[in-house]
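The values are calculated or read from the model by the stated rules, or taken from the named source; none is laboratory data. Since we're looking at a predicted model, the values are computed, not measured. Don't worry about glycine lacking a Cβ; one is built from the backbone with ideal geometry, like all the others, and counts go over all protein chains shown. Only protein heavy atoms, including side chains, enter the accessible area calculation; ligands, DNA and RNA are left aside. Shrake-Rupley method; radii C 1.70, N 1.55, O 1.52, S 1.80 Å.
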Amino acid sequence: MRLPLTGYRVLSAEQYGAGPYGTMFLAQMGAEVIKIEPPNKPGQPGGDTARAVGPHFLRENESLYFQSFNLNKKSLTLDLQSERGREILRTLAAGSHAMVNNLRGDLPARLGLDYAALADINPAIVCAHLSAYGRDNIRAKWPGYDYLMQAEAGFLSLTGEPDGPPVRFGLSIVDFMTGTQMAVGLLAAMLDAQRSGLGRDVDVDLMSVAAHQMSYPAVWYLNEGDVTPRAPRSAHPSVTPSQMFRSADGWMFVMAQLPKFWSILIDAIGRSDLKDDPRFRTPADRLANRDTLTQVLDAVFGTHPTQHWIDLLAGKVPVAPVHDLASAMDNPYLQQTGMMQTVQHPDRKELRVLASPIRIDGERLPARAGPLLGADNDEVLASIGLSGGEIEALKRDGIV
């Protein structure tokens, strides 16, 4: 496969989820992504903290969690707190297209990871910074994580049943959105650097992305003072029926977002009489009587199991079963569309991973297992002219 980022070198001082998730897209599209990790110290394991996240491990300090975000990368251990480590970083940066980090907002400048520090050796380098709150405001030194952003930006207020407590999204979705947007900003700046010969800083932060993802409820509030409430059954705030319904053996999600789907739905389930019911005649009527409509449709859907309704409605009305994790991952459709891949890892001959959602020329992107800590030290350091003896000395000194 001719991968679009082949020939690009990206350095990344990254850890945990958000930054690694974003750079994994670059690595799978062909970029040489060199993951810079702290070296092991006496009594102190090094590496990305994600390597130690349980409960499932391939070996000590090598977790399945880490594999989720680090496919196709190389690992270089480098002590960026040391002067020699930062010298090596600068040498690497001189021949790289990008420098990425997802450190606390005040650290990139201190460690020499921003454009101001690297432009003199590589004017075209793009420096992408992913932090919790940004680098240029009163929260720059604050640590921060995804769940905090969901809480402060309002996600929890929109999630859950109306009479229950606020509920966070089941995954660290702000991390993943921020990593993806970092990759978009980085690629745009790299395109410009190709034309102009000049790089720049690109900043993305968790809090800004979380606020931006509030999208239309935010715009409604900002312009009309309209506060979107939580709705029962995970329903859409202004369209119905667009929510979960009970079947005979579980739950299903039906989304009759458009008037045509309402007509198709009630004809298919044998309730054409609802077209002329004054409670449900228009979208506004259906919204005003949502609770009553839910009871009516529950009574219908409760007569058969979920699969019956999926078979009846699929391709006609937007509909899906509500899966648990096991059913979701065992979904034959994901197998048929190539969303599962197998990679080789030293500790597991066949390690199953999720494929990239991006396809190039109709093909899923290739995948390699995430690297062992420091697996590429010799190769990467040799690429900047260090001899075998010099590399061994760096290892003895704890620099790599």
Checklist entry - How large is log10 I(q)/I(0) at q = 0.12, 0.18 Å⁻¹ when the Debye formula is applied to the Cα atoms of the range 1-63, each weighted equally and without solvent? => result -0.37, -0.73
Item to check | Rough spin-label spacing in nm, given labels placed 7 Å along Cα→Cβ, for Met329 and Arg110 | outcome: 3.8 nm
Next on the checklist: With a cap of 16 neighbouring Cβ atoms within 10 Å, and only residues DSSP puts in a loop, list the trypsin sites (Lys or Arg not before Pro) found in the range 236-323.
Outcome noted: Arg271, Arg279, Arg281, Lys316
Checklist outcome for this item: Mean-square fluctuation maximum in Gaussian network of the chain, Cα pairs under 10 Å, restricted to Asn122, Asn101, Asn331, hits Asn331
Checklist entry - Of the residues Ser12, Ser75, Ser387, which exhibits the maximal mean-square fluctuation in a Gaussian network model of the chain defined by a 10 Å Cα contact cut-off? => result Ser387
Next on the checklist: Could you tell me the center-to-center distance, by alpha carbons, between the range 20-77 and the range 293-360 in angstrom?
Outcome noted: 29 Å
Checklist outcome for this item: With a Förster distance of 35 angstrom and the Cβ-Cβ distance between Asn137 and Ser383, calculated FRET efficiency to the nearest 0.05 equals 0.40
Next on the checklist: As I understand it, the dipole of the chain uses +1 on the Cβ of Lys and Arg and -1 on the Cβ of Asp and Glu, about the Cα centre. Which of Ala153, Leu107, Ala218 lies farthest toward its positive end?
Outcome noted: Ala218
Checklist entry - Between [x] -0.28, -1.23; [y] -0.22, -1.25; [z] -0.32, -1.25, which matches log10 I(q)/I(0) by the Debye sum over Cα atoms at q = 0.06, 0.14 Å⁻¹ calculated for the structure shown? => result [z]
Checklist entry - Spin-label point model (7 Å from Cα, Cβ direction): what's the Glu152 to Arg2 distance in nm? => result 4.6 nm
Next on the checklist: Which of Gln28, Gln150, Gln335 ends up with the largest GNM mean-square fluctuation for the chain, with Cα atoms connected below 10 Å?
Outcome noted: Gln335
Next on the checklist: Using 0.36 nm times the number of residues separating Asp361 and Asp311, minus their current alpha carbon distance, what extension gain do you get?
Outcome noted: 14.9 nm
Item to check | Tyr216, Tyr21, Tyr133, Tyr145, ranked by accessible area, largest first (probe 1.4 Å) | outcome: Tyr145, Tyr216, Tyr21, Tyr133
Next on the checklist: If you take every DSSP beta bridge fully contained in the chain, what fraction is antiparallel? Give it as a percent rounded to 5.
Outcome noted: 45 percent
Checklist outcome for this item: For the chain, dividing by residue count, accessible area per residue (probe 1.4 Å) in Å² works out to 50 Å²
Checklist entry - How do Arg396, Arg135 rank by accessible surface area computed with a 1.4 Å probe, from largest to smallest? => result Arg396, Arg135
Checklist entry - Hey, got the dipole for the chain? About the Cα centre, +1 on K and R Cβ, -1 on D and E Cβ, debye to the nearest 20? => result 320 debye
Next on the checklist: If I model a spin label as a point 7 Å beyond the Cα along the Cα-Cβ vector, how far apart are those points for Phe57 and Asp163 in nm?
Outcome noted: 4.6 nm
Checklist entry - Hey, which of these cross-link pairs are over 22 Å Cα-Cα: Lys349/Lys395; Lys41/Lys349; Lys35/Lys395; Lys41/Lys141? => result Lys349/Lys395; Lys41/Lys349; Lys41/Lys141
Item to check | Formal net charge of residues neighbouring Tyr115 (Cβ-Cβ distance under 12 Å; K, R +1; D, E -1) | outcome: -2
Checklist outcome for this item: Restricting to aspartates and glutamates and to Cα separations under 19 Å from Lys275, and discarding same-chain partners fewer than 8 apart, the set is Asp267, Asp285, Asp291, Asp298
